1. Restricting attention to region 409-447, which trypsin sites (Lys or Arg not before Pro) occupy a DSSP loop and are surrounded by at most 16 other Cβ atoms within 10 Å?
2. Mind listing the long-range amide H neighbours of Val372? Cut-off is under 5 Å, sequence gap 5 or more, other chains count too, H placed in the peptide plane at 1.01 Å from N.
3. Roll a 1.4 angstrom probe over the protein heavy atoms and tell me the percent of accessible area of the chain that is carbon or sulfur.
4. Roughly speaking, what is the centre-to-centre gap between region 86-133 and region 409-439 when only Cα atoms are used, to the nearest Å?
5. Ignoring GluC sites (Glu not before Pro) that are buried or in helix or strand per DSSP, and keeping those with at most 16 other beta carbon atoms within 10 Å, what is the longest stretch of the chain between them?
6. Residue by residue, what Karplus-based ³J(HN,Hα) values in Hz, rounded to whole numbers, does region 486-497 have, using 6.51, -1.76 and 1.60 with θ = phi - 60° and x for Gly and Pro?
7. From the square roots a ≥ b ≥ c of the eigenvalues of the alpha-carbon gyration tensor of the chain, which class results: rounded (a/c under 1.5), prolate (a/b over b/c), or oblate?
8. Determine the shape class of region 234-332: with a ≥ b ≥ c the square roots of the Cα gyration tensor eigenvalues, call it rounded for a/c under 1.5, and otherwise prolate if a/b is greater than b/c, oblate otherwise.
Amino acid sequence: MHCYQCEETNNGEACTTKGLCGKSVSTAKLQDQLIEAASQLAYATLEIGDCPKVDDLIRTALFATITNVNFDNQSLRQLFTCMTNEIERYTPDAIPSVIRTDILKSAGVLTMHNPDRRSAKELLIYGVKGIAAYAEHAAQLGYRDSSVDQFIRQVMAALTTPLRFSDLMDWIVKAGEVSVATMALLDKAHRECYGSPEISEVSLEAGSAPGILISGHDLKDLAQLLEQTKNSGIDIYTHGEMLPAHYYPYFKQYSHLKGNYGGAWWQQEQDFSAFNGPILMTTNCLVPPQDSYEDRLFTTGPVRHSGLTHIETNSAGDKDFSALIDLAHQCRAPEPLETGHIVGGFGHDQVMALADQVVEAVQAGAIKRFVVMAGCDGRSDEREYYTQVAEQLPQDAVILTAGCAKFRYNKLDLGTINGIPRVLDAGQCNDCYSLAVIALKLQEAFSVDSLNDLPLSFDVAWYEQKAVAVLLALLHLGVKGIRLGPNLPAFVTGKVADILLNDFELKGIGSPEQDVEAMMLGR
Ligand code: FS2
Ligand code: SF4
């Protein structure tokens, strides 16, 4: 086992015995094999043109290997068998046992010996995993972009061939472009299905009826759960990355969508224990469950853990949540954790509706700087940095956020500027796309040549591979000088680090005081 794909990797180097996320050696091995099988399948099918079945399989395999998604060896083995069967179908002359031996031999990070090429290869794979996850969410809603699927297949196929360092860097650059396109596709899917996010108050209070808690990123699962629990006497609460669902007009028709419960993903052990009712995890981030709520925790979609009940999709593409609903009727109401509400819903359409106000506030000097503090949250105490930055930014700075990073500061009372809240939450991590659209609109409004000429700083928190896709997207858009923390990726080393740090001026974080001062000076 050599896994260093997330920010919490052991000692900032690699998890080699057991993941800090809970991933076992055997799971890590199966996931490495799935990545290799995805490459081989991509290679075998490169010439067949559009093939949703193959693309779905490759996306599913990539998504299953993202941090905190799949801890279930049995399902990983099944997926591996599906992939090898498909490879055999498209390479009828090959001997099946040879295909499998090849995959097992080539799987794993350390099979690439050259450290620079290894770093570039892993950066590329992690970016593609993030792209695959966002593309999968869009596909679930019926939105596909064959150029995204083609890219995933081409890049995975290319990884089976001997690539030079410069080839890998070219693919990485292209991945940034495709990442923007994929997030745009998902943004379109979400807005067309559920309306454009709008300013919304989200309650943090627990009601007296039993509830079901839904976490992860999949809005379609939420839509089906809300429909199936209408008039049932059960309240629905969102957790973690499902919080932004409250910003969509579509979900407001359901009065039993009660509010948001708890904090970011890594706080789920305490939040799920206190919730008392059933919990549905629709995607990452799953933490291996505690006994106190294991029998109330269900998974669906890409997320799985041995011992947990998994809700499958039926042939009509629907899911039956009656097991959760029946259980909810037998459970107590959630323990109250918090009071009050939070405000969010600043997707690009909503911010553009406020554009005149925003531009006026900048021109009048009431807003001096925008600081993008999007990304992920995580367990480490170092992430307190983001709370302190939010607190220490002067009153004329506005924070633009998306992703679960916001849980470090979205409940602070940071006030407003001319009626505009100082924390503008666009939504989930994929809604970083909204932040890019907003930045591009600001560039237009202020007639500057580049995003880097705007009063805009980036202080991004990362944790898993969707954040890598977002980072590549920002680099593709020409953003320079991004602060990335709390620690730079362990997989970024040697020549890759040189390019990111020198050409893109990527930097690590310092102390909150230093960084706030530097950002306000545009550095
Ligand atoms: Fe947060 Fe976790 Fe959103 Fe990441 S809930 S770190 O996988 O996808 O952001
Ligand atoms: Fe370690 Fe992160 Fe890999 Fe889990 S995903 S094994 S914590 S590096």
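The values are calculated or read from the model by the stated rules, or taken from the named source; none is laboratory data. It should be emphasised that the depicted structure is a prediction, and the values quoted were computed from it without experimental measurement. Positions of Cβ are generated from backbone atoms using ideal geometry, with glycine treated the same way; all protein chains shown enter the neighbour counts. Each accessible area value is taken on the protein alone, full model and side chains, heavy atoms only, with ligands, DNA and RNA left out. Shrake-Rupley method; radii C 1.70, N 1.55, O 1.52, S 1.80 Å.
1. Those satisfying the criteria are Lys411.
2. Here the answer is Leu400, Ser457, Phe458, Asp459, since their amide H atoms fall under 5 Å of that of Val372.
3. 49 percent
4. Answer, in whole Å: 39.
5. No qualifying site falls inside 339-504, the longest such stretch.
6. x, 9, 5, x, 5, 7, 8, 9, x, 5, 5, 4
7. oblate
8. Because its axes are fairly even, with a/c under 1.5, region 234-332 counts as rounded.
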